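Let me begin by presenting the structure, written as structure tokens, before commenting on it.
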Amino acid sequence: MRAIWKGAVSFGLVSIGVKVYSATEEKDIRFHQVHREDGGRIRYKRTCSVCGEEVTYDDIAKGYDIGGGEMVILTDEDFADLPLSTSHAIDVLEFVPAEQVDPILYNKAYFLEPEGSATKPYVLLRDALSDSERVAIVKVALRQREQLATLRVREGVLLLNTMLWPDEIRRPDFGFLDEDLKVRPPELAMASSLIDSMAGEFEPDAFTDDYRAALQEVIDAKVEGREVVQPEEEEAAPAAAVDLMAALKASVERARAARGEAPSRGGAEPTPISSARSAKKAAKKAPARKTAEKKAEPAKKTAAKKTPAKKTAEKKAEPAKKTAAKKTPAKKTAAKKSA
């Protein structure tokens with residue numbers, strides 16, 4: 001790597017000499033514009049719109065449009081006279097919890113390497129930052145521009161993250177923010193179930209740029225003069241579903257299938273929405289059962305009242321049966337006499 005800046009980290013009365021290196025690089029495949037017929041490179045000339053002459057870099061200055069066709073021209077000397085207190089220093093302003101820095105503010109990342117005899121104070125600041133679990137808010141001037149930045153530790157190295165200024169962050173101004181949209185609890189429960197089914201630990205190495213790999217394969221095939229093997233087509237994204245609940249449920253099942261889990265049908269574990277529906281059905285059935293039981297109770301009591309009446313009738317019937325039994329021998333005697 002090549003250092004793009006040299007300076008010092010100002011930490012109280014301690015000055016730590018450092019070199020700054022770009023911590024990231026883009027892996028995008030770049031192309032040149034060429035003539036389709038013969039492959040010749042397309043060149044752009046820097047020409048003046050007034051005189052039409054081609055202009056070299058040495059003759060180019062910066063112009064600020066103030067409107068009405070007027071332009072203010074600034075040269076390198078104008079920029080050199082600007083007072084930048086942080087032109088060769090990274091001034092530590094304060095130390096704050098990392099979670100208080102909104103990630104939208106982060107811009108570019110740079111590694112800091114200790115220079116010369118600054119290794120010990122460099123390590124001291126690094127270890128102190130690690131122990132405090134905070135990040136340093138600093139100011140630094142890179143490429144003739146003063147920037148706000150953070151200083152934190154990554155893999156044993158101080159990492160400088162330049163940040164955008166607060167007035168450079170746009171405010172979202174969308175119509176739906178003023179609409180009174182309400183999400184139903186069952187929908188929220190199903191969405192939470194989908195999030196749970198897709199939860200995992202973030203491992204950056206598990207993700208790849210499939211488009212760039214396929215594009216590189218096309219280029220390699222062109223160079224080697226072989227046939228390009230078409231990559232497997234990914235499953236088409238489903239069309240926008242009218243039923244949000246159906247789409248959420250299908251997404252949960254798809255996520256479970258991707259993880260090799262059993263679907264939620266049959267004896268599988270119920271989802272939050274199915275549990276909620278079951279609970280509602282049970283709550284509706286419970287009052288109906290109680291009402292039926294209450295209606296059945298008077299009928300049971302009436303039946304219970306009728307039971308003693310039956311017993312009384314049976315008791316009255318018993319003497320009658322005995323009397324009939326006594327009359328039977330008299331009939332038999334009369335029959336013998338007549339004989």
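The values are calculated or read from the model by the stated rules, or taken from the named source; none is laboratory data. Given the structure is predicted, the values throughout are model-derived calculations rather than measurements. All Cβ positions, glycine included, derive from the backbone under ideal geometry; neighbour counts span all protein chains shown. What goes into the accessible areas is simple: the full protein's heavy atoms, side chains included, and nothing from ligands, DNA or RNA. Shrake-Rupley method; radii C 1.70, N 1.55, O 1.52, S 1.80 Å.
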One residue from Ala191, Ala221, Ala136 being within 29 Å of the chain's Cα centre (by Cα), at pLDDT 85 or above and assigned to a helix (DSSP H, G or I): Ala191
Cβ-Cβ under 8 Å pairs, at least 6 apart or on other chains, segment 62-82 side assigned to a strand (DSSP E or B), far side surrounded by 10 or more Cβ atoms within 10 Å (Cβ to Cβ) and among the charged types (D, E, K, R): Ile73/Lys62; Leu74/Lys62
Options Arg226, Arg212; residue that is free of Cβ contacts under 8 Å to residues at least 24 places away in the same chain, over 18 Å from Ala258 (Cα atoms) and not acidic (Asp, Glu): Arg226
Checking Ala80 against (1) touching a strand residue (DSSP E or B) at 6+ places or on another chain (Cβ under 6 Å); (2) under 22 Å from Glu146 (Cβ atoms); (3) open to solvent by less than 80 Å² (accessible area, probe 1.4 Å), the condition it does not meet: (1)
Which listed residue is within 22 Å of Leu13 (Cβ to Cβ), touching a residue at least 24 places away in the same chain (Cβ under 8 Å) and touching a strand residue (DSSP E or B) at 6+ places or on another chain (Cβ under 9 Å), from Leu164, Leu151, Leu159, Leu142: Leu151
Test: Thr24 is β-branched (Val, Ile, Thr) and surrounded by 10 or more Cβ atoms within 10 Å (Cβ to Cβ): no
Selection count where residues are open to solvent by 70 Å² or more (accessible area, probe 1.4 Å) and under 30 Å from Lys19 (Cα atoms), scope segment 166-202: 3
Residue in segment 46-53 that is in a loop (DSSP other than H, G, I, E, B), at positive phi and open to solvent by less than 100 Å² (accessible area, probe 1.4 Å) present: yes
Neighbours by Cβ (under 8 Å, 6+ apart or cross-chain): first from segment 242-258, exposed (fewer than 14 other Cβ atoms within 10 Å of the Cβ); second of a type outside the set (D, E, K, R) and not in a helix (DSSP H, G or I): Ala257/Pro263
